[in-house]
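Heads up, the thing below is written out as structure tokens.
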Amino acid sequence: MKKQQALPAFLLIGIGIYFLLKQLRLPILTDFYSWPTLLLLIGAAFTLYSYISNDYKNLFPGIVLLGLGIHSHGLNHYPFWIDHWGVYPLILSIAFLVKFQKTKKGLLPGLILFLIALFAIFASNKPGWFNGINELVNVLENYWPLILIGLGIYLLYKKK
């Protein structure tokens, strides 16, 4: 297998399996015919490609997409699943720590995000300034599409 074609191959196989299963309409898999499943498949493809090709630049986005897909499925299908903004820094911290395991880069941001996530999710007595972070997260939840658009425009016009 050529390393250059492995990532598109994994993506096509995963997305093809998704749409094939959707067309077959297997009753046991009806809960998986949704966009979180596509996130899972794309994240798994990036992660699998990274490990097979020993090219770890796609490992971080793979773990992030995989984590977002798992979290979205958990929110949709399990009543006990935690619905808190602290899960997102937790997913990012896991991605940094997995990347650190292979590249020896990203330990500090991974640990910092992990501590923030644990504090946000589990601390019962949070300081007063922490309410400001909750308000900021509420604003971001409402306007995240605009943030993505702005980031995309910035990347288009950023000088190399």
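Rule-based calculations on the coordinates, nothing more; no lab input. Everything quoted here is computed from the prediction, not taken from an experiment. As a convention, Cβ positions derive from the backbone with ideal geometry for all residues, glycine included, and neighbour counts pool all protein chains shown.
Once the C-beta distance of Ile15 and Leu108 is scaled by a Förster radius of 35 Å, the resulting FRET efficiency is 0.50 to the nearest 0.05.
Cα centroids of the range 91-147 and the range 61-86: 14 Å apart. Maximal additional length on extending the Leu156-Lys57 stretch stands at 33.5 nm, based on 0.36 nm per residue less the C-alpha distance.
If packing is taken as the average number of other Cβ atoms within 10 Å across a peptide's residues, how do 17-23, 97-103 rank, most packed first?
Details: 17-23: 12.6, 97-103: 16.3.
Top of the packing list down: 97-103, 17-23.
Using the average count of surrounding beta-carbon atoms within 10 Å as a protection proxy, the listed peptides 71-77, 24-30, 90-96 rank, highest first, as 90-96, 71-77, 24-30. With viscosity 1.567 mPa s and temperature 4 °C, the Kirkwood radius over alpha carbon pairs of the chain converts through Stokes-Einstein to a diffusion coefficient of 72 µm²/s. Round to the nearest 0.05 the FRET efficiency obtained for Leu136 and Trp81 when R0 = 22 Å and r is the Cβ-Cβ distance. For R0 = 22 Å, the calculated efficiency reads 0.40. Taking Cα centre as origin and charging only the Cβ of basic (Lys, Arg, +1) and acidic (Asp, Glu, -1) residues, the dipole magnitude of the range 76-160 rounds to 720 debye. Phi angles of the range 102-113 translate, via the Karplus equation with coefficients 6.51, -1.76, 1.60 and θ = phi - 60°, into HN-Hα couplings of 9, 10, 6, 10, x, 5, 4, x, x, 5, 5, 5 Hz per residue; Gly and Pro are given as x.
Each residue, Leu29 and Phe100, gets one label point 7 Å from its Cα in the Cβ direction; the gap between the two is 3.7 nm. Highest mean first, the peptides 111-118, 137-144, 80-87 sorted by other C-beta atoms within 10 Å per residue fall in the order 111-118, 80-87, 137-144.
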